[in-house]
Amino acid sequence: MYVTADENGISSNYREHDGNIVMYSSIRSLESKLNFRNFSIKYVMDGEEIYRLKEQDYLLKQGDYLLCNMHCEGKVIIDSKTHVKGICIDIDRGLLSEVLATYRAPDTNVADLTLANYFNSEDFLEQTFQSKLTHLGTEILKLDDILCKNAYADYQFEKEFYYKLSESIIADYIPLVKQFQSIRCIKSETKRDLLRKLAKGKSYIDLYYRLNIDIAKVALESNISQYHFFRLFKNVYGLSPYQYMKQLRMRKAKEILQKEAIPLAQLALEVGYGDIFSFSKAYKQYFGVSPSKELDNIV
């Protein structure tokens, strides 16, 4: 089912439809309670939306999306001078369960029941993503492109479309399920809370890795003790916070080098190093080759 929503109302009485739905919206002002009947994808095409779920705010900007399951509740807030355009996709619980039931655990010929239980339970962690970085995002961007051309056409989305979305969701969430399981707590809510706090710290590093970040400050921002933050971060993400920051810097440096012949002193500053010597040493340790040789290959 495909519906549209704007200041003139909703194109169909979709509330009577408890299944697969794609909704395009173009709205300037809205504050509405949300009741999640199925698995939902909330994606922003243009503008900003705020989702307040379980006393947690999620700010979605252009290209961001949020995933929620049927155990979630909250509201959406839109307040803009221009139209905020978005896509909401509901995936029928039975269809998602069908896809989950056929997902094979590694090295076995049986379904991964742990994964299925996680997606359909209160343990599921609502999460925001950038569409350009995920499997699901690739599919959403295709839909974005279609609706940008004509949002008010009479679209029909077959089951194959929702199957593909479900497969992409599962592929993106497998690392998150492993992260959830890696935290040694008895209570699921405690695990969820710690993952949210860690994700907040990780996002802070993602944004400011080019600066001279004090990880103690990151831990404070995450409301976790420094020792606990270090231990949990490495346990969940497989790297210490400093190793993760170095990884971001090195990958960004290589990305820049592959695009342009930039002076190494300038490159060092752009990725967070105070001098070319420490940058070159770190680069060679990480990639096994000096940045000057990489630069020679480009030139």
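The values are calculated or read from the model by the stated rules, or taken from the named source; none is laboratory data. A quick note: this is a predicted structure, and the numbers were derived from the prediction, not measured. Note: ideal-geometry Cβ built from the backbone for every residue, glycine included; neighbour counts use all protein chains shown.
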Per-region count, the stretch 218-246, residues buried (at least 17 other Cβ atoms within 10 Å of the Cβ) and among the small types (Gly, Ala, Ser): 2
Single condition ASN212 does not satisfy, out of (1) surrounded by fewer than 14 Cβ atoms within 10 Å (Cβ to Cβ); (2) assigned to a helix (DSSP H, G or I): (2)
Complete set of residues in the stretch 284-299 that are without any contact (Cβ under 8 Å) to a residue 24 or more places away in the chain and surrounded by 13 or more Cβ atoms within 10 Å (Cβ to Cβ): LYS284, SER290
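Given the criteria under 12 Å from ILE91 (Cα atoms) and either of a type in the set (Lys, Arg) or in a loop (DSSP other than H, G, I, E, B) (or both), does LYS33 qualify?
The answer is no for LYS33.
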Residues (of a type in the set (A, V, I, L, M, F, W, C) and outside any helix (DSSP H, G or I)) located in the stretch 128-151: PHE129, ALA151
The stretch 271-283, residues that are surrounded by 15 or more Cβ atoms within 10 Å (Cβ to Cβ) and on the phi < 0 side of the Ramachandran plot: VAL271, TYR273, ILE276, PHE279, SER280, ALA282, TYR283
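Every residue, every condition in (1) modelled with pLDDT of 90 or more; (2) under 20 Å from the mean Cα position of the chain (by Cα), yes or no:
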| residue | (1), (2) |
| --- | --- |
| ALA105 | no, no |
| ASN109 | no, no |
| TYR118 | no, yes |
| GLY137 | yes, yes |
| ASP145 | yes, yes |
| GLN156 | yes, no |
| PHE161 | yes, no |
Pick from the stretch 52-101, criterion closer than 16 Å to PHE129 by Cβ and hydroxyl-bearing (Ser, Thr, Tyr), ranking: surrounded by the most Cβ atoms within 10 Å (Cβ to Cβ): TYR65
